[in-house]
Amino acid sequence: MNDSPYVAILRDIFEVRDVSGEEDARRALAVPELAPAFEALGFRSVGFYRMGSAPGYVHEVWRSPDSRAFLTLEHDQQKRPRAELRTLLHDGTIIDTSSTYSGRARLFARARLHHPEAAYVMEISGASPEGLWRRHAERVEAVVKARSSTIPPHDAMRMQLALASRSMVLSFIRGMQSRRLRWTVLIPATIAIVAAVILGGSVRYWLPAVAVAGVAFWYVGEVSTWAVARLLHIPPVPLATLLAAVDQSAEPVAALAEPERTPT
């Protein structure tokens with residue numbers, strides 16, 4: 001695995017690569033419920049990327065009419081269509097304006113991704129495609145002014161992979177840390193509840209114990225993802241560094257040993 005987490009996340013962990021023009025592009029996950037509306041707003045396809053070694057998990061990437069944002073469309077866990085608009089600034093800040101989630105993801109998604117301390121600012125909205133795009137444009141202007149940064153052109157897959165690498169590193173690190181924190185809190189709490197039931201010597205304690213354990217599991221799971229943002233310091237990475245990681249991840253992996261040389 002490469003020393004750079006951004007190279008590793010693209011090449012070794014999630015195996016993300018540009019498949020525009022390849023056979024895999026035909027397997028892109030279509031979202032006909034939203035695509036026509038964004039096309040009418042002026043969004044145009046930039047290309048396709050695949051995540052994982054097996055074909056099938058392919059996303060189409062769209063650019064905004066002013067090339068200041070990327071759009072990806074997907075179906076969530078409840079098969080409901082949703083859109084994600086994201087902009088990457090030169091200083092490494094990511095601005096994310098996304099459709100609402102449904103099902104279990106609704107409880108955890110924003111807590112995992114929204115991380116202002118690491119220059120990832122996310123807002124979830126139930127607006128229409130037009131309203132979502134308008135809101136994202138407003139947020140981009142506000143964040144650019146607040147951070148005194150600039151917006152590079154969002155018109156190529158290389159830029160999209162740079163954005164994706166930063167987003168995935170943040171999500172991956174926070175996910176690992178939140179699981180550690182969750183079990184650190186949950187296991188002692190569960191032991192305490194069981195001990196109270198045993199020492200209490202009455203079956204009537206089991207019902208509230210199960211209820212408390214269930215609520216604790218949900219609550220700690222949500223809170224831990226939020227708390228990780230306060231426990232972890234993940235500074236933003238400049239765009240140039242992210243683009244270099246994209247280029248490096250696309251290079252063939254070097255051989256572990258040098259080829260044998262024929263003696264002369």
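The values are calculated or read from the model by the stated rules, or taken from the named source; none is laboratory data. Just so it is clear, the model here is predicted, and its values are computed rather than measured. Here Cβ is always computed from backbone atoms with ideal geometry, including for glycine, and neighbour counts include all displayed protein chains. These accessible areas exclude ligands, DNA and RNA; they are computed on the full protein's heavy atoms, side chains included. Shrake-Rupley method; radii C 1.70, N 1.55, O 1.52, S 1.80 Å.
Quick check on my filter: what residues within segment 98-112 are modelled with pLDDT of 80 or more and buried (at least 20 other Cβ atoms within 10 Å of the Cβ)?
Correct list: 98, 99.
Please name all residue pairs, on different chains or six or more residues apart, with Cβ atoms under 7 Å, provided the first residue is in segment 139-166 and is open to solvent by less than 10 Å² (accessible area, probe 1.4 Å) and the second residue is of a type in the set (D, E, K, R).
140/68; 154/63; 154/68; 163/86
Sort out which residues of segment 113-133 are among the small types (Gly, Ala, Ser) and either open to solvent by less than 10 Å² (accessible area, probe 1.4 Å) or at positive phi (or both), and write them in order of number.
Within segment 113-133, 118, 119 qualify.
Going through segment 53-94 one residue at a time, which ones are outside any strand (DSSP E or B), touching a Lys or Arg at 6+ places or on another chain (Cβ under 9 Å), open to solvent by 20 Å² or more (accessible area, probe 1.4 Å) and touching a residue at least 40 places away in the same chain (Cβ under 8 Å)?
Once the filter is applied, which keeps residues that are outside any strand (DSSP E or B), touching a Lys or Arg at 6+ places or on another chain (Cβ under 9 Å), open to solvent by 20 Å² or more (accessible area, probe 1.4 Å) and touching a residue at least 40 places away in the same chain (Cβ under 8 Å), segment 53-94 yields only 91.
Collect the residues in segment 15-50 that are in a loop (DSSP other than H, G, I, E, B) and within 16 Å of residue 251 (Cα to Cα), keeping them in residue-number order.
Matches in segment 15-50: 15, 19.
Being of a type in the set (Gly, Ala, Ser), at pLDDT 70 or above and over 30 Å from residue 35 (Cβ atoms) narrows it down to one residue among 178, 202, 125; which is it?
The unique qualifying residue is 178.
Taking segment 16-52 as the search range and keeping residues that are under 18 Å from the mean Cα position of the chain (by Cα) and of a type outside the set (A, V, I, L, M), which one is surrounded by the fewest Cβ atoms within 10 Å (Cβ to Cβ)?
52
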